[in-house]
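Written out below as C-alpha cells is the structure these notes cover.
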Amino acid sequence: MSNKKIKTLLVFGTRPEAIKMCPLVQKLQKNPKFDAKVLVTAQHRQMLDSVLKLFDIVPDYDLNLMKPNQNLWELSSNILLGTKEIFDTAKPDLVLVHGDTTTAGLSALSAFYSRIKIGHVEAGLRTFDKDYPFPEEINRVLVDSISDLMFCPTDKAKENIEKSGISKGIYKTGNTVIDALLYVVNNKEANLDFIGLDPNLKTILLTSHRRENFGKPLEEICRAIKELIQKNKDIQVVYPMHLNPNVRNTVKPILEGIERIKLIEPLDYAPFCSLMKKSHIILTDSGGVQEEAPSLGVPVLVLRDETERPEAIEYGGVKLVGAHREKIVSSVQHLIDDNEAYQKMSKAVNPYGDGIACDYIEKIIENYYSV
Ligand code: UD1
Ligand code: UDP
C-alpha cells in the first residue's frame, strides 16, 4: 500500500461522536498519506450540525436519518442499509467509528459485513452490565469484537479488551475529547451573556439524557434540584436540555418557571465549554462531560449508579451519586458547605489524555498500513 493513500471513512452521527471525531477528521485530512472522508448518519441533526460547523467540516456523505422520537429498531435498520450503499461506492480501506452509540454499533457491523477493516476510537470502555448503560454497553462490546484497531483512552480500557481474549490491535492513545476540549478552550472563548446568569451566585450545571434515567430517575433528579434551590439562596442552576422529548417531557413540568433555575436549549460546544469552566459544580449523566470537567478543575457528581469511566473517580474529581433525590441533595450540600471537600475535588488532573490522542491514532494507522 506504500504509494497508495489510505482510504479512510470516518462515520459518526451524534453530538458526542462529532465532538470526539472532528479533531481526528481535521488531522487525517491534512495528512497527504490519507484520503479521509466523512459519513454522517445524522442520528442527531441540529446537535450534530452545530459541531460540524464549529470544526468547519462538511460531510462527504449524509444519510440524514434522524426522526422525531426515533426508535432503536428503525434507526438501526436504516444505518445498516444506508452505510452499505456508501461502503459499496466509496470502498474504504478502513472505517473509523466512535464509542457506543447506535451509529457506532450498526456502522461497524455494516463494515464487518462488507469485509472492511474497522478502527474503534474510544475502545474498551465497560461497565460489564448489559443493561447499564442501555444499549451502549452492548454496542461497545460488539464494536470491539469486530475491530482490527482499537484506540483505548486509558490503561484500564486497554486491559478490559485484553481480558476479553483479544490480543492484537489494541493501543492506548488517550481520549480525543481532550484534543477537542483544549482546541475549543484555547481558541473559541464564547460569550455567555445570553443565558442571563447572576455573577453573584454560584452556578450549578446540570445535564441528563440517558435512557436508563428516563421517567422516575429523572424526576428524582429534578426534585433534588428543586430542593437544593429552595435551601440555598446563593446558587443558580443551568440545564441545557437535550433535545430528546423523553427528557423535556419530564423536566419541564417539575422545574419550569422556578426562580434561579434556567432551562435552556442545548448549547453549542464552545459556549458549553465556557459554561463548564464557570460552573461551581457539575451534575451530569453524560459520558463526555465526565471526561472533560476534570481538565477544568470543576467537581462532577455523576447521576448514575455505575460508570465505564472509573479513572476520574480514582483521581478524586468525580463521584457517583446515582439518580436518588436524597443522595444528590446531600452530596451537593456537602460540596457547598465544606470548602475543604470542595477543594479536594477541584484539582485539575485529567486521566483521560493530554490532548494528543489524534496524533497517536494517525501514527498507529500509518504503521498498520506501513506508509
Ligand atoms: C444518543 C445515544 C446516546 C448518546 C446520546 C448523546 C443511542 C442509542 N443513544 O441518545 O448513547 O449518549 O445520543 O447525546 O445511540 N433530537 C433532536 N435533535 C437532535 C438530536 C436529538 O430533535 O439534534 C431528538 C429527536 O427527537 C430524536 C431524539 O432526540 O429522535 C433521540 O435521539 P437518539 O439519538 O435516538 O437518542 P439520544 O437520547 O440522543
Ligand atoms: N455538550 C454540548 N452542549 C450541551 C451539552 C453537552 O456541547 O448543551 C457537549 C459536552 O461538552 C460533551 C458532549 O456534548 O462533549 C456530551 O454529549 P452528551 O452528553 O449528549 O453525550 P454522551 O457523552 O453522554 O454520550
Item to check | Restricting the range 7-27 to residues that are away from ligand 2 (no atom under 15 Å from the Cβ) and crowded, with 22+ Cβ neighbours inside 10 Å, the residue that is nearest to residue 69 (Cα to Cα) | outcome: 11
Item to check | Options 303, 275: the member that is touching a residue at least 12 places away in the same chain (Cβ under 8 Å), in contact with a helix residue (DSSP H, G or I) (Cβ under 7 Å, 6 or more places away or on another chain), under 30 Å from residue 174 (Cβ atoms) and surrounded by 20 or more Cβ atoms within 10 Å (Cβ to Cβ) | outcome: 303
Checklist entry - Is at least one residue of the range 321-334 without any contact (Cβ under 8 Å) to a residue 40 or more places away in the chain, within 30 Å of residue 130 (Cβ to Cβ), polar (S, T, N, Q) and away from ligand 2 (no atom under 15 Å from the Cβ)? => result yes
Next on the checklist: Considering only the range 70-81, I want to know if a residue exists there that is within 20 Å of the chain's Cα centre (by Cα), under 18 Å from residue 151 (Cα atoms) and within 13 Å of ligand 1 (Cβ to nearest atom).
Outcome noted: no
Checklist entry - residue 176 versus (1) touching a Lys or Arg at 6+ places or on another chain (Cβ under 6 Å); (2) among the hydroxyl-bearing types (Ser, Thr, Tyr); (3) away from ligand 1 (no atom under 16 Å from the Cβ): which is the lone unmet condition? => result (3)
Next on the checklist: Checking residue 258 against (1) more than 12 Å from ligand 2 (Cβ to nearest atom); (2) among the β-branched types (Val, Ile, Thr); (3) part of a strand (DSSP E or B), only one condition comes out false. Which one?
Outcome noted: (3)
Checklist outcome for this item: The condition from (1) crowded, with 19+ Cβ neighbours inside 10 Å; (2) over 25 Å from residue 285 (Cα atoms); (3) of a type in the set (Gly, Ala, Ser) that residue 145 misses is numbered (1)
Checklist entry - If you take the residues of the range 108-133 that are in a loop (DSSP other than H, G, I, E, B) and under 15 Å from the mean Cα position of the chain (by Cα), which of them is surrounded by the most Cβ atoms within 10 Å (Cβ to Cβ)? => result 122
Checklist entry - Is it true that residue 177 is touching a Cys at 6+ places or on another chain (Cβ under 7 Å), touching a residue at least 24 places away in the same chain (Cβ under 8 Å) and of a type in the set (Val, Ile, Thr)? => result no
Next on the checklist: Need a quick list: helices (runs of 4 or more DSSP H) entirely within the range 286-371 having at least 3 residues that are polar (S, T, N, Q).
Outcome noted: 325-337
Item to check | Matching residues in the range 147-174 - criterion: being β-branched (Val, Ile, Thr), outside any helix (DSSP H, G or I) and closer than 18 Å to residue 96 by Cα | outcome: 170, 173
Next on the checklist: Here is a check on your reading of the model: is residue 233 surrounded by fewer than 17 Cβ atoms within 10 Å (Cβ to Cβ) and modelled with pLDDT of 95 or more?
Outcome noted: yes
Checklist entry - Got a sec? Which of 227, 256, 212, 220 is surrounded by fewer than 22 Cβ atoms within 10 Å (Cβ to Cβ) and under 17 Å from the mean Cα position of the chain (by Cα)? => result 212
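The values are calculated or read from the model by the stated rules, or taken from the named source; none is laboratory data. The structure presented is a predicted model; accordingly, all values stated were derived computationally and were not measured. All Cβ positions, even for glycine, are placed from backbone atoms using ideal geometry, and neighbour counts span all protein chains on display.
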